[in-house]
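S.K.: Please see the structure below; I have some questions.
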2 protein chains.
Amino acid sequence: MDSTAFSERTRAACQAREILDRVGDKWSLYVISQLSDRTKRFNELKRDIDGISQRMLTVTLRGLERDGIISRTMYPVMPPRVDYALTPMGRTLLDTVGSLVSWAEEHVDEIEATRARYDARTESFPEPE
Amino acid sequence: MDSTAFSERTRAACQAREILDRVGDKWSLYVISQLSDRTKRFNELKRDIDGISQRMLTVTLRGLERDGIISRTMYPVMPPRVDYALTPMGRTLLDTVGSLVSWAEEHVDEIEATRARYDARTESFPEPE
DNA sequence: CGGGATCCACCGTGATACTG
DNA sequence: CAGTATCACGGTGGATCCCG
C-alpha cells in the first residue's frame with residue numbers, strides 16, 4: 001500500500017472536524033433538531049430548548065446561519081419578528097446527524113457500562129491523604 | 001400530532017451530544033482515523049497526528065479508552081511498550097464517522113462559500129473609530 | 001518509551017442589565 | 001420580541017519539566 005490512504009484519511013478527518021466544530025458545540029444539535037419539522041421564532045426556540053440562554057441561542061443561530069445551515073428571515077414590524085428555518089443544505093445534515101443519533105442510541109448503554117467499569121478500576125486506588 | 005416527537009427528538013439530540021462530546025473534541029477523530037487500519041504505539045500516533053502534544057494525546061487516548069472505543073495494551077518490558085487499537089465498538093463508529101466525513105466532503109465548498117459571503121456582508125459595516 | 005504533574009492562556013459559556 | 005453589551009468563570013488545550 002502507498003501513503004495515499006493516510007493523507008486522504010487525515011484530510012477527511014480534518015474536514016470532518018470542521019463539521020464537528022460547527023455542530024459539535026453545546027447547542028447546535030438542539031437547534032437543528034428543533035427546526036427539523038418547521039420554521040420557528042426566536043423565543044419559540046428559547047422555550048423549546050431547555051436551559052439555553054438568550055445569548056447562547058443568538059450565538060448558535062448566528063453560527064449556523066453563517067455556514068448556511070439555517071436561514072434567518074426578519075420582518076420589519078413592531079414588535080420585531082424573526083423566523084428561523086433549516087436550509088436545503090441544513091436538511092441534508094439531518095440524515096447524517098440521524099446516523100450519529102442512531103449510533104448513540106445503540107451504544108449509549110454499552111458506553112456507560114464501559115465507562116463505569118473504567119472509573120471503578122481507576123478510582124480504586126485512593127491516594128493516601 | 002402529539003408531543004412525543006418533540007421529546008423523542010430532544011432525547012435523541014441529547015444522546016447524540018454525548019457522543020459528540022466524545023468524538024467532537026480537538027483530537028479524537030484523528031486518533032480514531034489513525035487507528036482505522038491497524039494497531040499503533042504511542043509515539044507512532046504522536047508522529048502521525050500533526051501538531052498534537054504529548055499531553056493531549058494521552059488525554060485523548062484515556063478518554064477513548066474509558067468509553068470503550070479503543071483498547072490499551074501494556075507490555076511490561078524495558079523500554080515500555082503500549083499498543084492502542086480500535087475495539088469492535090470503535091470499529092462500528094467508523095461507519096458513522098464515515099457518513100459525517102462524506103457529508104463534510106460534499107458540502108465543505110458550499111459552506112466555505114456561504115461563510116465567505118456572510119462575512120463579507122457583516123464586515124462591510126466598520127465602526128467609526 | 002510512554003507517560004505524569006504542573007502551570008497558564010484562551011475562549012466558550014452563563015448571568016445580568018440594557019435597547020430598538 | 002429579539003436581540004446587544006459587559007463581566008465573570010471554568011474547562012480545554014498547550015508548554016514545560018520530571019519519572020519509571
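The values are calculated or read from the model by the stated rules, or taken from the named source; none is laboratory data. Just so it is clear, the model here is predicted, and its values are computed rather than measured. Don't worry about glycine lacking a Cβ; one is built from the backbone with ideal geometry, like all the others, and counts go over all protein chains shown. Protein only, heavy atoms only, side chains kept; ligands, DNA and RNA dropped before computing areas. Shrake-Rupley method; radii C 1.70, N 1.55, O 1.52, S 1.80 Å.
S.K.: Is it true that residue A:62 is basic (Lys, Arg) and more than 15 Å from the chain's Cα centre (by Cα)?
M.R.: Answer is no for this residue.
S.K.: Quick check on this structure: which one of A:61, A:100, A:29 is more than 10 Å from every other protein chain (Cβ to nearest Cβ) and outside any loop (DSSP other than H, G, I, E, B)?
M.R.: A:61
S.K.: Got a sec? Which of A:64, A:45, A:57, A:29 is under 19 Å from residue B:23 (Cβ atoms) and open to solvent by less than 70 Å² (accessible area, probe 1.4 Å)?
M.R.: A:29 is the lone residue from the list that is under 19 Å from residue B:23 (Cβ atoms) and open to solvent by less than 70 Å² (accessible area, probe 1.4 Å).
S.K.: From (1) open to solvent by 40 Å² or more (accessible area, probe 1.4 Å); (2) under 30 Å from residue B:31 (Cα atoms); (3) at the interface with chain B (Cβ under 10 Å from one of its Cβ atoms); (4) basic (Lys, Arg), pick out the condition that doesn't hold for residue A:91.
M.R.: (3)
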